[in-house]
Amino acid sequence: MQSDIDPRSLIGWKVFDRDGAKIGTVDEVYLDDATGEALWAAVRTGFFRRDTFVPLATSEVVGQSLRTAYDRALIKEAPDFGVGRHLSPEQELQLYHHYRLDIPGSGPTTGSDPGPGSAAGSGPGPRPGPGPGP
């Protein structure tokens with residue numbers, strides 16, 4: 001994802017899957033505790049009005065929306081942790097496994113390297129970012 005975007009500005013943006021199907025709207029952005037980098041977006045979906053997490057590192061900004069690198073079915077099946085709370089290292093690890101992403105600091109596995117961030121065993125996981133600016 002484009003790194004020059006303020007993570008707070010993503011809140012309210014529409015999110016589309018890799019085929020262009022609408023998934024939902026960004027509800028919260030989760031930042032890495034150590035770097036402040038935006039790692040995950042909690043997306044309010046039409047699937048029973050729940051939030052699901054999508055990785056931002058593999059997402060693309062298109063206008064004022066996000067396009068994920070994943071299809072709707074995989075996003076729908078993502079673990080549900082609720083929002084507004086800190087992600088534990090174990091929860092973050094589940095998300096990395098679900099999306100088949102490389103776990104930061106563990107070397108390549110099967111997915112794209114999402115860059116630096118906390119992973120299981122390396123301290124606290126991502127936290128919700130600040131809400132919308134003034």
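Key figures
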item: Members of region 97-116 that are at pLDDT 90 or above and out of contact with any Gly (no Cβ under 9 Å at 6 or more places or on another chain); result: His97, His98
item: Verdict on Pro128 being of a type outside the set (Asp, Glu), exposed (fewer than 14 other Cβ atoms within 10 Å of the Cβ) and modelled with pLDDT under 90; result: no
item: Val15, sole failed condition from (1) over 12 Å from the mean Cα position of the chain (by Cα); (2) modelled with pLDDT of 95 or more; result: (1)
item: Extreme residue, modelled with the lowest pLDDT, among residues of region 33-47 that are surrounded by fewer than 23 Cβ atoms within 10 Å (Cβ to Cβ) and more than 14 Å from Val83 (Cβ to Cβ); result: Phe47
item: Residues of region 22-50 classified as of a type in the set (D, E, K, R) and assigned to a loop (DSSP other than H, G, I, E, B), total; result: 5
item: Residue list for region 48-82, restricted to those being surrounded by fewer than 17 Cβ atoms within 10 Å (Cβ to Cβ) and of a type in the set (Ser, Thr, Tyr); result: Ser65
item: So Asp19, is it of a type in the set (D, E, K, R), in contact (Cβ under 8 Å) with a residue 40 or more places away in the chain, in contact with a Gly (Cβ under 9 Å, 6 or more places away or on another chain) and assigned to a loop (DSSP other than H, G, I, E, B); result: no
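Let's see how each residue does on (1) out of contact with any helix residue (DSSP H, G or I) (no Cβ under 8 Å at 6 or more places or on another chain); (2) closer than 19 Å to Gly46 by Cα; (3) free of Cβ contacts under 8 Å to residues at least 60 places away in the same chain; (4) of a type in the set (Val, Ile, Thr):
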position: Ala57; (1), (2), (3), (4): yes, no, yes, no
position: Val61; (1), (2), (3), (4): yes, no, no, yes
position: Gln64; (1), (2), (3), (4): yes, no, yes, no
position: Val83; (1), (2), (3), (4): yes, yes, yes, yes
position: Glu90; (1), (2), (3), (4): yes, no, yes, no
position: Leu93; (1), (2), (3), (4): yes, no, yes, no
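Each row is one residue, and each column tells you yes or no for (1) within 25 Å of Asp33 (Cβ to Cβ); (2) of a type in the set (A, V, I, L, M, F, W, C); (3) assigned to a helix (DSSP H, G or I); (4) modelled with pLDDT under 90.
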position	(1), (2), (3), (4)
Thr52	yes, no, no, no
Ala57	yes, yes, no, no
Leu66	yes, yes, no, no
Tyr70	yes, no, no, no
Ile75	yes, yes, yes, no
Asp80	yes, no, no, yes
Val83	yes, yes, no, yes
His86	yes, no, no, yes
Leu95	yes, yes, yes, no
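The values are calculated or read from the model by the stated rules, or taken from the named source; none is laboratory data. All values derive from a computational prediction rather than experimental measurement. Virtual Cβ from ideal backbone geometry, glycine too; neighbours counted across all protein chains shown.
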